[in-house]
Amino acid sequence: MKCCFLVALLAVWANATPAFPPPAAATPSPLIANVADRTTVNLNGAWRAIVDPFENGKAGFFRDEKPRGKGDRVEYSFDLSPVLNVPGDWNTQREQLMFYEGPVWYRREFDYHKRANPRAWVYFGAVNYQSTVYLNGEKLGEHEGGFTAFNLEATSVLREGKNVLIVEVNNARRADAVPALKFDWWSYGGITRDVMLVEVPSVFVQDYSVQLVPGSENEIAGWVQLNGTQSPEKITLEVPEAGVHQTITTDGTGRANFRFAAKLDLWSPAHPKLYAVSLSSAADTIHDQIGFRTIEVQGSNILLNGKPIFLRGISMHEEAPFREGRAFSPEDAQTLLGWVKDLGCNFVRFAHYPHNENEIRLADRMGLLVWSEIPVYWDMDWSNPRTLANAEAQLRDEIARDHNRAAVIFWSVSNETPVNPERLTFLSQLAKAARELDSTRLITSAMNHVDNTGPEVRTISDPLGEVVDVLGLNEYLGWYGGRPEDADKMQWKLNWNKPLIVSEFGGGAVYGRHGDADEIWTEEYQDNLFQHQLGMVERMPNLAGLTPWVLMDFRSPTRLLPGVQDYHNRKGLVSNRGQRKLAFYTLQKFYKKLAEEGK
Ligand code: GCB
């Protein structure tokens, strides 16, 4: 009887359990900041990989078994499986995997010899989308979200000598995931960014924030968080070039807050000054390069270091130039941001998910302001608390990694989401969370809901406008509706007196295809569209910047027209082979004019 009851109970539980239970136990611990300055063991390279469409591996691939004798049946083998390179997406490494969505098991063996630092963490720059990590047969944890870094402590599981790291990666789309089922980019699967073992002392500086007080140009405020102690410890914060030498004491949670005056040379696109900053506890020191600048909103203006700035930007995906696939290297970042600079930009929108840390670091050095966003995109499972928790976790991880970068001025909570009450509650919660995590930056969103308030009048009226600091507008006049010339007469209104960024406009063109300005897919059509759009945006009220769509052509499963798209969104100003289309030069000329006018 008891047993039947148990069986019935289990059946009810099984029915109530969704196909992909969320990672509840063993979630990663808070992110270790600035791993580039840590002692690390590089775990990139060739990993053995088993493509496992039916999820056989759930039965125990993490054990990495081998037959013990002639008669032993083991129906998988990492040793005999081909390799995939890490970092890298699997789609562009093997032709059969281009359209693959599902689980792949990765294995990396490495030798480890305990060194001075007693604690070690496995750190992943990003794994798309869901991952479960095992070390030497023990589960270290799980992570969901394809573009955020995470780390799992490995200290007690690491062995002297040979170690086996196994990761199950699954990029299957789900209605309750972030992003959900439909999005206009390739769902590149795999371990797409660097993997390393990060070694730290028992008590170490896990994270810190060293920023100007909002609105002040000569006062620094922030905090430092130690990991591994509940006793007070002294921390020394130094910015030698600015003569800063401060000592603070942590509390029983390892945290210390600080605020002090400093005389600083401010960071700006024209002068991307970075200071060497160090934080030292009894056993640990971390060094960083930090720029100091303020960013605020005043009426319809965005103020950088107290002065209005016009954001001459472009949107971009993290797609590799020349070779396709997910971009990951510093060279990729250099090429892409080099084109952004050539366009005359002082601003770039990293769409539609957090980009690689090396891109943000480069933006810091090059003097490019950054719009950073999480993949809350199109329609999602707005009423599902697990979806909200997932989006919040991605936002938290994005902010955790980049909150000391002067380049980043906006956290964007969403892109083109449909207007309904559940979505407003969801996005308001994200905006609130972002403000609590980081009070020094502005909140925005790319919205596309407008009211036709007259034959040639559009009003930006999405209620989300109330929530954000800066309004983002995606509009495709002349592409998804109307002709490019319609822009000439269009008038725009806003329901809020807040700065407006036209976060997208554009049209598709195949590089090298020429024709009349009214012939779709030609460079001339795209160029004509840009000319009319640029005329229109200049007349828009509260315009504080723009990030047209998009820097480079990119792969998308929703773009099917043979001979034209071939699974590519062709709205790039540059082709994926680096060729510049006519509209590139039109935008470049426009930005040059603005820069000459002092904008
Ligand atoms: C949008 C989306 C972007 C698409 C673009 C397009 O509004 O935000 O992700 O790729 O339009 O090309 O349609």
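Determine whether region 494-502 contains at least one residue that is in contact with a Leu (Cβ under 9 Å, 6 or more places away or on another chain), within 15 Å of the ligand (Cβ to nearest atom) and open to solvent by less than 40 Å² (accessible area, probe 1.4 Å). Among the residues of region 494-502, at least one is in contact with a Leu (Cβ under 9 Å, 6 or more places away or on another chain), within 15 Å of the ligand (Cβ to nearest atom) and open to solvent by less than 40 Å² (accessible area, probe 1.4 Å), which makes the answer yes. A single member of GLN526, GLN533 is surrounded by 24 or more Cβ atoms within 10 Å (Cβ to Cβ), closer than 14 Å to SER575 by Cα and within 31 Å of the chain's Cα centre (by Cα), and it is GLN526. Which members of region 538-564 meet the condition of being within 13 Å of the ligand (Cβ to nearest atom) and β-branched (Val, Ile, Thr)? If the condition is that a residue be within 13 Å of the ligand (Cβ to nearest atom) and β-branched (Val, Ile, Thr), then THR547, VAL550, THR558 are the ones that fit. Can you work out which of the residues in region 456-484 that are surrounded by fewer than 16 Cβ atoms within 10 Å (Cβ to Cβ) and within 29 Å of LEU582 (Cα to Cα) is farthest from the ligand (Cβ to nearest atom)? Among them, the one singled out is GLU456.
For the condition buried (at least 17 other Cβ atoms within 10 Å of the Cβ), away from the ligand (no atom under 16 Å from the Cβ) and over 25 Å from LEU369 (Cβ atoms), LEU424 qualifies. Of all residues in region 442-455, those being in contact (Cβ under 8 Å) with a residue 60 or more places away in the chain and crowded, with 24+ Cβ neighbours inside 10 Å number 2.
Within region 58-86, the set of residues being farther than 15 Å from LEU165 by Cα and either basic (Lys, Arg) or open to solvent by less than 70 Å² (accessible area, probe 1.4 Å) (or both) comprises LYS58, LYS66, ARG68, GLY69, LYS70, ASP72, ARG73, VAL74, TYR76, SER81.
Inclusion of GLU519 among residues that are open to solvent by 10 Å² or more (accessible area, probe 1.4 Å) and either within 16 Å of the ligand (Cβ to nearest atom) or among the acidic types (Asp, Glu) (or both) is warranted.
Yes or no, residue by residue, for (1) within 21 Å of the chain's Cα centre (by Cα); (2) more than 19 Å from GLY45 (Cα to Cα):
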position	(1), (2)
GLU168	no, no
ALA175	yes, yes
VAL178	yes, yes
TRP186	yes, yes
THR192	yes, no
PRO201	no, yes
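Do we have TYR567 as open to solvent by 50 Å² or more (accessible area, probe 1.4 Å), at pLDDT 95 or above, within 16 Å of the ligand (Cβ to nearest atom) and within 21 Å of LEU336 (Cβ to Cβ) here? So TYR567 passes the test. Taking each residue of region 160-174 that is over 18 Å from VAL127 (Cβ atoms) and looking for partners that are of a type in the set (S, T, N, Q) with beta-carbon atoms closer than 7 Å, six or more apart or interchain, yields ASN163/ASN136. Out of the residues in region 262-288 meeting the condition of being over 30 Å from PRO499 (Cα atoms) and open to solvent by 30 Å² or more (accessible area, probe 1.4 Å), tell me which one is nearest to the chain's Cα centre (by Cα). Ranking the qualifying residues of region 262-288, first place goes to HIS287.
Close Cβ contacts (under 9 Å, 6 or more residues apart or on different chains) running from residues in region 284-299 that are in a loop (DSSP other than H, G, I, E, B) to residues that are among the β-branched types (Val, Ile, Thr) and surrounded by fewer than 18 Cβ atoms within 10 Å (Cβ to Cβ) comprise THR294/VAL213. Can you say whether GLU296 is at pLDDT 95 or above, open to solvent by 10 Å² or more (accessible area, probe 1.4 Å) and not small (Gly, Ala, Ser), as far as the supplied structure shows? Yes. Every condition in (1) touching a residue at least 40 places away in the same chain (Cβ under 8 Å); (2) over 30 Å from LYS599 (Cα atoms); (3) touching a Gly at 6+ places or on another chain (Cβ under 9 Å) is met by ALA270 except one, and the failing one is (2). The number of residues in region 135-185 being open to solvent by 10 Å² or more (accessible area, probe 1.4 Å), in contact with a Lys or Arg (Cβ under 7 Å, 6 or more places away or on another chain) and farther than 19 Å from PRO30 by Cβ comes to 6.
When residues in region 301-327 are screened for being open to solvent by 20 Å² or more (accessible area, probe 1.4 Å) and either under 20 Å from ARG580 (Cβ atoms) or part of a strand (DSSP E or B) (or both), 7 of them pass.
The values are calculated or read from the model by the stated rules, or taken from the named source; none is laboratory data. Only a predicted model underlies this, so the values are computations on that prediction, with no experimental measurement involved. Every residue, glycine among them, receives a Cβ derived from its backbone with ideal geometry; neighbour counts consider all protein chains shown. Calculation scope for accessible area: heavy atoms of the full protein, side chains included, ligands and nucleic acids excluded. Shrake-Rupley method; radii C 1.70, N 1.55, O 1.52, S 1.80 Å.
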